[in-house]
Amino acid sequence: LLDAMEVIKNTNKDITLRIAGRGQISSDNMAKIKKLGSSVELINKWIPNNEIFKYFENIDFVVVPYIEASQSGVIMLAYTFGKPVIVTDVGGLPEQVFDDTGIVISSGEYKALAAAILKMYAEPEKIIKMGNSAYEKNNTVFSWAESVQRLLLFLSGSAE
C-alpha cells in the first residue's frame, strides 16, 4: 500500500491515506511513511468499538491490501458505513466484494493497487454509487436475517 501511495503521490498530490489500527510497523515501512509526509495519516492504536465510526467518517473508500488472510471484518464494516472497498484476491476477501461494491486486485501488485485507487478517483460518482450498493448489500445479502434464512435452509436440507 505504501508503494502504491508513492505512485499515487506522483500522480495526484491531493490523495491522502489513513492507516488506522494497531500493529507493528517495520523500520522500512516507517521510513516510507515519513517520506510520504502529509500524504499518510498513521493512527497506530487499538480502536475501541465506540470510536470506529470516527475512522469511517470523511473517507471515500476502504483499502484492504492483505498479502495473506482468510477473511476480514473490515470489509463488512466498510459496507456498514456505506463505503466501497478495494481488496486483494487472498482468502475469502473476493467473495465479499461485488462488481458494484468494490474492486478486487492481485495481491502484492502495488502498481495495480495504485491504478485501482486512481480509477476510483477518476469517477467520483462511482464511489457514491458503490457506497450505496455496499450499504444495501450489508442490509440484505450480508444481513443477519439473510444469514439465518440460509442456515435454516441448509439445516432443513433444502439448500442448493
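Annotations for the structure displayed:
- Among GLY82, LEU151, ASN58 - extreme Cα towards positive end, dipole of region 46-160, charges at beta-carbon: ASN58
- Dipole moment magnitude, nearest 20 debye, region 18-90 about Cα centre, only Lys, Arg, Asp, Glu C-beta charged: 260 debye
- Figure note: GLU136, GLU125, GLU146, GLU51 ranked by solvent-accessible area, largest first, 1.4 Å probe, ligands and nucleic acids not counted: GLU125, GLU136, GLU146, GLU51.
- For the residues MET120, MET130, MET30, a GNM of the chain with alpha-carbon springs under 10 Å puts the largest fluctuation on MET30.
- Region 104-160 shape via C-alpha gyration tensor axes, a/c threshold 1.5: oblate
- Accessible area per residue for region 20-160 is 63 Å², calculated with a 1.4 Å probe on protein heavy atoms, without ligands, DNA or RNA.
- Summing +1 for each Lys or Arg and -1 for each Asp or Glu among the other residues whose beta-carbon sits under 12 angstrom from that of MET130 gives -1.
- Carbon + sulfur, % of accessible area of region 21-160 - ligands and nucleic acids excluded, 1.4 Å: 53 percent
- From the coordinates shown, P(r) over Cα pairs in 10 Å bins from 0, in percent corresponds to which of (i) 11, 35, 30, 16, 7, 2, 0; (ii) 10, 41, 38, 10, 0; (iii) 10, 35, 37, 12, 5, 1: (iii)
- Averaging the sequence gap over all C-alpha pairs within less than 8 Å and six or more residues apart, then dividing by the number of residues, gives region 53-145 a relative contact order of 30 percent.
The values are calculated or read from the model by the stated rules, or taken from the named source; none is laboratory data. In this text the structure is predicted, and so the values were computed from the model without any measurement. Heads up, the Cβs are rebuilt from the backbone with ideal geometry, glycines too, and the neighbour counts pull from every protein chain shown. Only protein heavy atoms, including side chains, enter the accessible area calculation; ligands, DNA and RNA are left aside. Shrake-Rupley method; radii C 1.70, N 1.55, O 1.52, S 1.80 Å.
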